[in-house]
Amino acid sequence: SLQDQFDNLEKHTQWGIDVLEKYIKFVKERTEIELSYAKQLRNLSKKYQPKKNSKEEEEYRYTSTRAFLATLNEMNDYAGQHEVISENMTSLITGELTRYVQELKQERKSHFHDGRKAQQHIETCWKQLEASKRRFERDCKEADRAQQYFEKMDADINVTKADVEKARQQAQLRHQMAEDSKAEYSSTLQKFNSEQHEHYYTHIPNIFQKIQEMEERRIVRIGESMKTFAEVDRQVIPIIGKCLDEITKAAESVDHKNDSQMVIEAFKSGFEPPGDIDFEDFTQPMKRTVSESSLSNSRGDGKSEPKFGSKSKGKLWPFIKKNKLMSLLTSPHQPPPPPPASASPSAVPNGPQSPKQQKEPLSHRFNEFMTSKPKIHCFRSLKRGGAGPEDFSNLPPEQRRKKLQQKVDELNRDIQKEMDQRDALTKMKDVYIKNPQMGDAASVDHRLAELGQNVEKLRLEVQKFEGWLAEVEGRLPARTEQPRRQSGVYEAQNPSGVNSCAQDRESPDGSYTEEQSQETEMKVPATDFDDEFDDEEPLPTIGTCKALYTFEGQNEGTISVAEGEMLYVIEEDKGDGWTRIRRNEDEEGYVPTSYVEVYLDKNAK
């Protein structure tokens with residue numbers, strides 16, 4: 001029936017709306033996934049970004065790490081495209097379809113309301129027709145009965161004329177009522193037929209047509225939304241492709257040669273590799289006495305130099321002969337010089353062809369250089385709270401030069417900033433002078449004075465670090481006239497007179513001494529103090545040593561030795577690169593540990 005068709009259409013259109021809402025939910029979940037994916041990509045990119053002012057940031061100067069950083073940045077842009085997908089799907093699909101579903105529900109409700117109304121109208125017409133038909137039928141029956149009663153009364157001779165006339169009038173009235181009912185029924189029937197025709201051929205088809213059009217629009221709309229779903233993805237493909245192209249470009253920019261060279265430059269120490277180690281013949285008995293020739297040679301070679309313990313040193317070293325105070329004196333306030341290169345025998349006065357070198361000190365020094373951490377050399381570095389001396393003397397030459405250059409550049413930038421501020425304040429002061437209503441010119445004088453003091457302090461700092469830098473650059477192997485073999489520490493002389501934190505050294509007994517400049521200025525005349533400790537016992541010897549190279553003891557606290565000379569060891573190397581030796585009662589001092597071969601007595605205390 002028609003009602004069944006309406007029920008079927010109502011169920012089908014409701015199912016269509018459910019499909020549309022299901023698709024909206026699908027797209028909404030897709031947008032949430034895109035947002036979540038973009039957020040995770042951004043977090044991933046942020047997680048692996050180098051932290052500012054950290055060691056990681058320095059590592060990103062290599063091409064491989066820069067390529068990785070570019071990849072992280074492109075992944076961030078890649079995540080942004082997924083956010084674009086989510087935004088476009090939300091606005092073009094989810095939002096539009098949600099509004100369309102609301103409109104569709106209203107339209108569907110309107111169409112089925114019209115259908116129910118038309119159905120009710122035809123049912124009302126049908127009821128009217130049935131009522132008119134029953135009334136017409138009843139009136140006809142009533143007219144027949146009235147006619148039969150009249151005829152019966154008219155045939156009966158016993159009935160009066162008045163009764164017959166009354167029966168006749170009643171029959172006529174009933175016939176008239178039947179005729180009226182007939183006319184009404186006929187009119188109602190015609191009207192119903194017309195309404196029924198209009199209902200089945202006009203109203204209902206129109207309603208069905210509207211429902212059909214509504215359903216077709218829904219189907220078209222969901223198809224367009226699916227197409228938009230694909231187009232939203234397709235629109236970001238070119239940008240995603242560019243991101244991937246940039247990642248590929250960054251990967252192709254990786255230069256292994258350049259990275260290797262940067263590593264070499266970063267860790268280049270400036271040291272030269274050690275020379276060959278000569279064969280040590282242990283079949284020869286160890287000599288524990290010193291030959292007269294070696295003593296005479298050493299004295300002859302170094303007689304022009306003031307020796308530690310000689311008679312000519314009394315002005316600067318008033319307690320030099322006193323063994324008790326000798327134990328309190330420090331080793332020289334600078335790293336020991338490296339031994340001369342074995343490939344250049346001309347650099348050594350006696351030109352040894354194959355100088356002997358003890359295995360243990362060489363390996364010890366090399367391993368110490370490769371594995372040791374920077375030490376705090378002085379109290380000044382402790383006050384600054386730093387991990388090393390101010391002049392970076394704990395670093396190898398090349399690394400020290402780079403650090404000093406960075407410090408000079410940093411100080412120059414600070415000076416430029418201060419000068420820029422001073423120039424700005426000077427201009428402001430000029431404006432205030434010309435226009436007093438704008439401000440008080442005297443209010444900036446204090447700040448200008450502060451900036452001037454800051455600039456002077458920074459310039460002094462620059463001069464100090466430039467002095468250290470000039471000192472290092474003049475001592476690097478690539479800049480020296482003669483290549484020299486160096487051990488785990490490098491020579492640190494200061495011709496410019498700038499005091500280095502490395503000069504604050506630890507003395508052999510563990511105490512700290514004053515700076516070299518202060519010690520050299522402490523000129524105490526040789527007085528009766530010389531005689532106070534004449535009776536002190538000398539330090540006991542703990543072994544002997546053989547000089548592998550000639551050493552000119554030019555600095556205070558050192559002693560000159562000649563190659564091949566045998567001497568007594570009275571104090572081992574404390575880790576600063578110096579060994580304390582004695583030639584005779586009055587001549588003792590420090591020599592570089594790498595210049596001698598030490599033979600310690602096992603029973604020595």
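The values are calculated or read from the model by the stated rules, or taken from the named source; none is laboratory data. These numbers come from a predicted model, not from an experiment. So basically every Cβ, Gly included, is an ideal-geometry build from the backbone, and we count neighbours across all protein chains shown. SASA here: full protein model, heavy atoms, side chains in, ligands and nucleic acids out. Shrake-Rupley method; radii C 1.70, N 1.55, O 1.52, S 1.80 Å.
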* Structure fact -> When every residue in the stretch 588-605 that is open to solvent by 60 Å² or more (accessible area, probe 1.4 Å) and charged (D, E, K, R) is compared, the one modelled with the highest pLDDT is LYS602
* Asked: Any residue at all in the stretch 98-108 that is hydrophobic (A, V, I, L, M, F, W, C) and within 30 Å of GLY223 (Cβ to Cβ)?
  -> yes
* To do: For the stretch 559-587, enumerate the residues that are assigned to a strand (DSSP E or B), more than 51 Å from the chain's Cα centre (by Cα) and buried (at least 24 other Cβ atoms within 10 Å of the Cβ).
  => VAL561, LEU567, ARG580, ILE581
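SER181: under 16 Å from ALA131 (Cα atoms) and hydroxyl-bearing (Ser, Thr, Tyr), yes or no? Walk me through it before giving the result.
Working: under 16 Å from ALA131 (Cα atoms): yes; hydroxyl-bearing (Ser, Thr, Tyr): yes.
Yes, satisfied.
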* **Residues within the stretch 93-146 that are closer than 30 Å to GLU29 by Cα and open to solvent by 90 Å² or more (accessible area, probe 1.4 Å), tallied** => 5
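Is it true that LYS127 is out of contact with any Lys or Arg (no Cβ under 6 Å at 6 or more places or on another chain) and free of Cβ contacts under 8 Å to residues at least 12 places away in the same chain? Before you say what the answer is, go through the steps one by one.
Values: out of contact with any Lys or Arg (no Cβ under 6 Å at 6 or more places or on another chain): yes; free of Cβ contacts under 8 Å to residues at least 12 places away in the same chain: yes.
Considered against the rule, which asks whether it is out of contact with any Lys or Arg (no Cβ under 6 Å at 6 or more places or on another chain) and free of Cβ contacts under 8 Å to residues at least 12 places away in the same chain, LYS127 comes out as yes.
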* Residue match in the stretch 218-232 (condition: open to solvent by less than 80 Å² (accessible area, probe 1.4 Å), touching a residue at least 40 places away in the same chain (Cβ under 8 Å) and small (Gly, Ala, Ser)) -> yes
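Taking the stretch 158-210, which residues are among the hydroxyl-bearing types (Ser, Thr, Tyr) and either in contact with a Gly (Cβ under 7 Å, 6 or more places away or on another chain) or farther than 30 Å from PHE112 by Cα (or both)?
Start the filter on the stretch 158-210 by keeping residues that are among the hydroxyl-bearing types (Ser, Thr, Tyr), which leaves 160, 181, 185-188, 194, 200-202.
Matches in the stretch 158-210: THR160, SER181, TYR185, SER186, SER187.
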* Asked: Quick one: how many residues across the stretch 64-92 are of a type in the set (Asp, Glu), under 25 Å from LYS227 (Cβ atoms) and buried (at least 17 other Cβ atoms within 10 Å of the Cβ)?
  -> 1
